[in-house]
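Quick notes on the structure that follows.
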Amino acid sequence: MTNNEPASVHVEVLLRHRDIDALGHVNQAVYHELLEEVRAAFFRRALPELPFTGYVLAHVELDYRHEVRIEDRQLVGECHAGRLGRSSIELLHRLLLGDGTVAVEGRAVLVAWDQESRRARPLTQDEREALHSAGDRRDAAGAEPPTSSPATQASRPGPGSEASPGT
């Protein structure tokens with residue numbers, strides 16, 4: 001990452017046995033759940049006062065780069081803001097194995113949402129500033145504060161819970 005890019009939010013995500021398919025690796029659909037947890041961590045850091053219902057997922061794309069098996073036990077998720085539109089936020093995200101190998105990478109586009117009008121709303125200037133500085137909260141040594149994912153608990157939250165942005 002260069003100095004011109006926003007710093008990434010990093011979160012550990014634990015794998016569960018149910019994440020594995022008949023071929024012995026993480027099922028393709030599970031990656032979307034894992035990345036949703038990473039995006040939730042990003043929003044908790046960037047906009048802690050705003051409920052996750054403030055955004056809806058409009059687009060997601062994902063490239064599968066390396067097999068992940070249950071023996072890998074945990075992944076590291078990274079996420080940072082890319083392009084900001086009038087009401088949209090591009091998030092660049094990926095999951096890495098413990099040795100740094102990229103397992104999946106892609107992007108998601110979320111749209112700021114007005115719950116009363118049930119329509120897109122423009123991003124505020126405060127949101128724009130917070131989204132671009134979300135990953136910049138580091139300590140004096142340059143290390144990011146530890147972030148834990150809801151997946152580090154015994155079970156993951158279900159749809160509609162606090163940890164589910166955009167769904």
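Scanning the range 29-77 for residues that are polar (S, T, N, Q) and at pLDDT 95 or above returns a single hit, Gln74. Only one of Glu67, Glu49, Glu78 is out of contact with any helix residue (DSSP H, G or I) (no Cβ under 6 Å at 6 or more places or on another chain), surrounded by fewer than 17 Cβ atoms within 10 Å (Cβ to Cβ) and in contact (Cβ under 8 Å) with a residue 40 or more places away in the chain. Can you tell me which? Answer to the selection: Glu67.
Selection within the range 6-44: residues that are of a type in the set (Asp, Glu) and outside any helix (DSSP H, G or I). The member of this set that is nearest to Arg119 (Cα to Cα) is Glu12.
The values are calculated or read from the model by the stated rules, or taken from the named source; none is laboratory data. Keep in mind it's a predicted model, so treat the numbers as computed, not measured. Note that we place each Cβ from the backbone using ideal geometry, even for glycine, and neighbour counts take in every protein chain shown.
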